[in-house]
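Engineer: Got a structure for you, questions after.
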């Protein structure tokens with residue numbers, strides 16, 4: 001099977017619903033995207049956009065129940081020893097089964113906003129990272145795993161790693177814990193790193209250090225990255241390509257340059273105008289009016305309708321707008337662009 | 001030339017130390033010097049932005065100003081009408097006058113509201129406690145202020161759990177506003193909110209400031225928010241005030257190396273520079289073991305021998321600009337160049 005665009009993971013029409021007492025939350029409602037080898041895909045979205053659930057689905061860690069994956073595929077290209085590769089549909093694998101366990105940690109690593117969610121507080125950092133190595137890499141002794149762990153800690157910028165390896169998570173500062181989490185995620189040379197708001201809780205100077213580290217590691221390990229954040233400025237500095245999500249749908253997709261120079265979707269534009277910036281003209285912020293609708297609400301049409309300045313009653317709220325390729329590589333889900341296609 | 005604004009609040013040598021107690025007998029073995037000898041003044045009607053990273057002391061300072069923490073040392077002077085209240089020395093009676101004039105808004109819209117008090121009770125409580133109003137009159141005042149912050153009168157009997165994060169933050173603002181204070185300390189008021197809601201709250205705070213002639217001390221770690229909202233900016237590091245100056249000047253041409261580092265670390269948004277930022281190694285120091293001399297010297301690329309030995313004092317570099325750095329006059333530091341900003345020579 002030809003892989004001319006070097007696609008590593010392809011998500012197709014993913015649908016994940018949460019069946020709760022109060023109703024059904026359509027957290028991810030038909031989402032598609034591709035992550036290419038060695039590249040970074042940025043995912044921009046606020047609460048309820050479905051960005052985290054999409055990422056968790058790729059790792060098979062969405063709590064099910066109450067969640068249920070009711071549709072879609074997550075196709076991962078895994079290289080076989082020797083020639084070629086095979087394609088695995090992660091969505092079809094039992095999340096707690098053998099095969100997914102082999103993939104999770106080995107092929108895909110994940111780092112989170114809160115480092116403490118990755119670490120057990122009652123085990124040392126070293127034990128936890130070594131455990132991952134021993135589990136996934138064949139023919140490795142405990143001594144070798146420990147050495148590799150020390151090297152990893154050194155590589156992520158933790159000073160005196162031969163001492164720190166025996167420390168407990170609570171003995172590390174926030175920035176150090178985040179680095180340790182990166183070391184753990186990278187311990188088995190995954191092809192894909194999923195980063196879910198990894199620097200949101202960190203100070204800006206530490207954030208800059210962590211992002212620089214990730215960039216270096218990406219090049220060194222030839223690793224793809226899925227970078228999730230609500231911070232447009234950060235994503236602008238990190239991603240090659242970006243998707244913007246809102247209430248479970250992809251609203252816009254483009255290369256980073258294109259998205260920032262020529263944003264098309266009213267939500268993308270409104271988001272950009274509503275955030276304070278460190279440079280550029282200082283004008284009164286234009287907030288997005290209204291607030292997020294109830295997560296249980298079902299939208300027959302565009303979910304952004306109630307807050308959109310460009311909405312057309314009778315059109316936007318009656319049918320869900322399709323995702324349309326307006327210029328090559330630039331996709332938008334909005335009736336304003338429905339008539340325009342790259343290939344008329 | 002704008003008329004000289006009167007000073008509303010003056011802080012002199014504010015300190016807040018937290019003792020570290022160890023051992024069976026709980027002996028004090030040291031101190032976390034969260035706020036260490038901070039002095040500045042705040043003018044009536046202005047917004048003073050206080051920025052710094054984790055552990056710099058900005059939140060502790062904000063809370064010490066309203067005596068949520070008792071200051072370890074220093075004076076806080078609030079000018080109310082003809083009186084000057086020395087906040088740290090007030091008795092219970094006079095604290096009531098103080099609390100009618102200085103209020104605080106918190107960061108966490110979920111933790112800062114009592115889940116068992118409905119909207120009317122929450123916003124009405126300050127009026128009751130300060131004996132400003134009760135009964136019918138109280139309800140009228142509460143209705144007025146909640147409408148002004150964008151909440152609906154129909155929701156008066158609802159409880160916090162039925163409001164969104166942004167709405168709860170509005171409740172916090174209404175609660176602070178209902179006593180018609182002169183000064184509001186806003187401690188990271190938008191940090192916990194969704195991006196699209198932050199702008200609503202920032203604009204609301206600006207509008208209320210004009211309407212009620214409020215003075216804000218706005219604490220945040222987010223430099224972009226500070227740039228947007230402040231008239232003057234105070235930069236804190238490891239419990240110390242390292243720079244204080246007018247926004248435009250400070251951003252275009254910072255005078256303290258830490259300010260320069262902080263500004264350089266924020267990703268740019270203007271086209272050519274999009275996403276760019278400068279990375280500097282190191283972390284803020286352990287507050288129980290501060291470096292000798294200037295607390296910033298281990299991370300400072302301009303550090304000289306004197307910096308390791310002698311702590312620089314906060315001194316004036318111009319009528320409005322203060323810095324604590326031995327080399328403030330000679331360093332030419334990089335700021336943010338924006339179209340509206342003229343590099344001050």
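Engineer: Ratio of alpha-carbon Rg to the 2.2 N^0.38 Å globular estimate for region A:1-116, to two decimals, please.
Structural biologist: 1.10
Engineer: Listed highest first by mean packing, meaning other Cβ atoms within 10 Å per residue, what order do A:170-176, B:86-92, B:199-205 come in?
Structural biologist: B:199-205, A:170-176, B:86-92
Engineer: Another question, then. Please average, across the residues of B:275-285, the number of beta carbons from any other chain that are within 10 Å of each residue's own beta carbon, and give a whole number.
Structural biologist: Numbers: counts 11, 2, 10, 3, 9, 3, 4, 4, 8, 5, 0.
Rounded to a whole number, the mean comes out at 5.
Engineer: Let me ask something else. Can you give the angle from 0 to 90° between the axis of helix B:92-101 and the longest principal axis of chain B, with both taken from C-alpha atoms, to the nearest 10?
Structural biologist: In chain B, helix B:92-101 runs at an angle near 80 degrees to the longest axis.
Engineer: At what distance in nm do the modelled label points of residue A:262 and residue B:162 sit from each other, each positioned 7 Å from its Cα along Cα→Cβ?
Structural biologist: Between residue A:262 and residue B:162, the simple spin-label model gives 4.9 nm.
Engineer: While we're here: Other chains' Cβ within 10 Å of A:266-277 residues: what's the mean? Mind showing how you got there, number by number?
Structural biologist: On the way: counts 0, 1, 0, 0, 2, 3, 1, 1, 8, 8, 13, 12.
Going residue by residue through A:266-277 and averaging, the value is 4.
Engineer: Could you give the distance between the Cα centres of region B:260-310 and region B:57-90, to the whole Å?
Structural biologist: So the two Cα centres are separated by 30 Å.
Engineer: Follow-up question, since we're still on this one. Residues of A:227-234, mean number of Cβ from any other protein chain within 10 Å of their own Cβ, rounded to a whole number?
Structural biologist: Taking the mean over all residues of the peptide, I get 3.
Engineer: Going by average Cβ neighbours within 10 Å, how do the peptides A:296-304, A:49-57 rank, with the highest at the top?
Structural biologist: The peptides rank, most packed first, as A:49-57, A:296-304.
Engineer: Please find the FRET efficiency linking residue B:41 to residue B:96, where r is the Cβ-Cβ separation and R0 is fixed at 30 Å, and quote it to the nearest 0.05. Walk me through the numbers on the way to the answer.
Structural biologist: Working: r = 24 Å, r/R0 = 0.80.
Working from the Cβ atoms, E equals 0.80.
Engineer: Helix-derived [θ] at 222 nm for chain A: sum -39500 (n - 2.57) over DSSP H runs of at least 4, divide by residue count, nearest 500?
Structural biologist: So the helix-based figure for chain A works out to -8000 deg cm²/dmol.
Engineer: Rounded, prolate or oblate: which fits region B:278-338, taking a ≥ b ≥ c as square roots of the Cα gyration tensor eigenvalues, rounded meaning a/c under 1.5, else prolate when a/b beats b/c?
Structural biologist: It comes out oblate by the Cα gyration axes.
Engineer: Also, I was wondering about something else. What do you get for the angle between helix A:174-186 and the principal long axis of chain A? Use alpha-carbon atoms, 0 to 90 degrees, nearest ten.
Structural biologist: Approximately 80 degrees, to the nearest ten.
Engineer: Once both axes come from the Cα atoms, what is the angle between helix A:204-221 and the longest principal axis of chain A, in degrees from 0 to 90, rounded to 10?
Structural biologist: For A:204-221 against chain A, the angle is about 70 degrees.
Engineer: At what distance in nm do the modelled label points of residue B:67 and residue B:306 sit from each other, each positioned 7 Å from its Cα along Cα→Cβ?
Structural biologist: About 4.1 nm, to one decimal.
Engineer: Moving on to the next point. Any chance you could check the Cα centroid distance between region B:99-149 and region A:261-279 for me, in angstrom?
Structural biologist: Each part's Cα centre sits 35 Å from the other's.
Engineer: Something else: Just need log10 I(q)/I(0) for region A:185-344 at q = 0.14, 0.15, 0.19 Å⁻¹, Debye formula, equal scatterers on the alpha-carbon atoms, no solvent, rounded to two decimals.
Structural biologist: -0.85, -0.95, -1.28
Engineer: Can I ask one more? Could the peptides A:26-32, A:93-99 be put in order, highest first, of the mean number of other beta-carbon atoms found within 10 Å of their residues?
Structural biologist: Going from most to least packed, we get A:26-32, A:93-99.
Engineer: Now for a different question. Relative contact order of region B:80-189, please, whole-number percent, based on alpha carbon pairs below 8 angstrom and at least 6 residues apart.
Structural biologist: 44 percent
Engineer: Please report the relative contact order for chain B, taking Cα pairs under 8 Å with a sequence separation of at least 6, and give it as a percent rounded to a whole number.
Structural biologist: Taking the mean separation of contacting Cα pairs over the length of chain B, I get 19 percent.
Engineer: Could I ask something else about it? Remind me, relative contact order of chain A in percent, using alpha carbon pairs under 8 angstrom and six or more residues apart?
Structural biologist: Working: 627 pairs, mean separation 65.7, N = 344.
Contact order relative to length: 19 percent.
Engineer: Which three numbers, in whole Å and largest first, are the semi-axes of the equivalent ellipsoid of region A:60-139 derived from its Cα gyration tensor as √(5λ)? Spell out each step's value before the answer.
Structural biologist: Working: eigenvalues 119, 84, 20 Å².
Sorted largest first and rounded, they come to 24, 21, 10 Å.
A short reminder: the numbers here are calculations on the coordinates, not readings from a lab. Here the structure is a predicted model, which is why all the values come from computation and not from measurement. Backbone-built Cβ (ideal geometry, glycine too); neighbour counts: all protein chains shown.
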